[in-house]
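**Student:** Quick one: this structure, given as structure tokens, is what I'll be asking you about.
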Amino acid sequence: MDIKLNTEELRYIALFEQITNAKVIDCIIDDESIIFVIESGDMGAAIGKGGTNINKVKKTLNIPIEVIEYSENVEEFIKKSFYPVHIKKINISDDKNRKIAFVEVSSENKGLAIGKNGKRVKKAIKLARRHHSIDTIVIN
């Protein structure tokens, strides 16, 4: 995993870590929010008692944030990146030098898994690509 971060992302990471004491592995800034990927086991510290830490970060940054706990297990990491969508099953296919994750959800959760304008699945693809070399995700 070789992730390059720019100055703005590094500033956000420093602020998040200072407020929460959670270790940030990655930070992705998009048009509408900031996504922090934190070390496994640090979610409690990131949220804080009664949500105090996460709310302080949100108030300080004045932009919606999302926190995802890292997992070395690719299936578990993809599940976490789709939260709160319930994932039934994930199969990883290594087809013609392309790694594809097939994510199975119930028919009533398919729209939620894809997200408005494909936002949730695009976020999951970006995270899976950066952290586990997954080329794409297919929702079934």
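The values are calculated or read from the model by the stated rules, or taken from the named source; none is laboratory data. All of these numbers come straight from a predicted model, not from anything done at the bench. Neighbour counts run over all protein chains shown; Cβ positions are idealised from the backbone, glycine included.
**Student:** D30 fails exactly one of the following numbered conditions: (1) of a type in the set (D, E); (2) modelled with pLDDT under 95; (3) more than 23 Å from K122 (Cα to Cα). What is the number of that condition?
**Tutor:** (3)
**Student:** Six or more apart or on different chains, Cβ atoms under 7 Å: show the pairs whose first residue is in the stretch 109-124 and in contact (Cβ under 8 Å) with a residue 60 or more places away in the chain and within 14 Å of I28 (Cα to Cα) and whose second is assigned to a helix (DSSP H, G or I) and of a type in the set (S, T, N, Q).
**Tutor:** K123/S81
**Student:** If only one of V57, V67, V37, V105 is farther than 30 Å from E8 by Cα, among the β-branched types (V, I, T) and modelled with pLDDT of 95 or more, which one is it?
**Tutor:** Of V57, V67, V37, V105, the one residue that is farther than 30 Å from E8 by Cα, among the β-branched types (V, I, T) and modelled with pLDDT of 95 or more is V105.
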